[in-house]
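Okay, structure first, notes after.
The values are calculated or read from the model by the stated rules, or taken from the named source; none is laboratory data. This is a predicted model, so every value here is computed, not measured. Here the Cβ positions follow ideal geometry from the backbone for every residue, glycine too, while neighbour counts run over all protein chains shown. Just so you know, the surface numbers come from the protein's heavy atoms only, side chains and all, with ligands and any DNA or RNA stripped out. Shrake-Rupley method; radii C 1.70, N 1.55, O 1.52, S 1.80 Å.
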Amino acid sequence: MNPASDRAEAGRGVAYGLAAYGIWGCFPLFFSLFEGIPSWEVLIHRIIWCCVFLVLLVSLLGRWQPVVD
């Protein structure tokens, strides 16, 4: 192992961790935009868009065989 590459990888890990905590800290600002929208509607949108994303991802990866079995 190269000590320089280990330090660079550790630095990237710290940066990713800080970015994750920053995004997590901004979530309340995002959710305040949904103030007038019923929670069931948000839930339905999340389910539908997740399914669309997964269909696209499985199609792009060509992994339908394990899904069908």
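Given the alpha-carbon gyration tensor of the chain, what are the semi-axes of its equivalent ellipsoid in whole angstrom, ordered largest first, with each equal to the square root of 5 times an eigenvalue?
Ellipsoid semi-axes (Å, largest first): 33, 27, 6.
Could you compute how much accessible surface Arg63 exposes when probed at 1.4 Å, giving the result in Å² to the nearest 10?
About 150 Å², ignoring ligands and nucleic acids.
Might you tell me the accessible area per residue for segment 3-69, computed with a 1.4 Å probe and given in Å²?
Per-residue value: 92 Å².
Once the Cβ-Cβ distance between Phe30 and Cys51 is put in as r, and R0 is 25 Å, what FRET efficiency do you end up with, to the nearest 0.05?
With a Förster radius of 25 Å, E is 0.70.
Per residue of the chain, what 222 nm ellipticity follows from adding -39500 (n - 2.57) for every DSSP H run with n ≥ 4, rounded to the nearest 500?
It comes out at -28000 deg cm²/dmol, rounded to the nearest 500.
Carbon and sulfur together cover what percent of the accessible area of the chain at a 1.4 Å probe radius?
Ligands and nucleic acids excluded, carbon and sulfur reach 73 percent.
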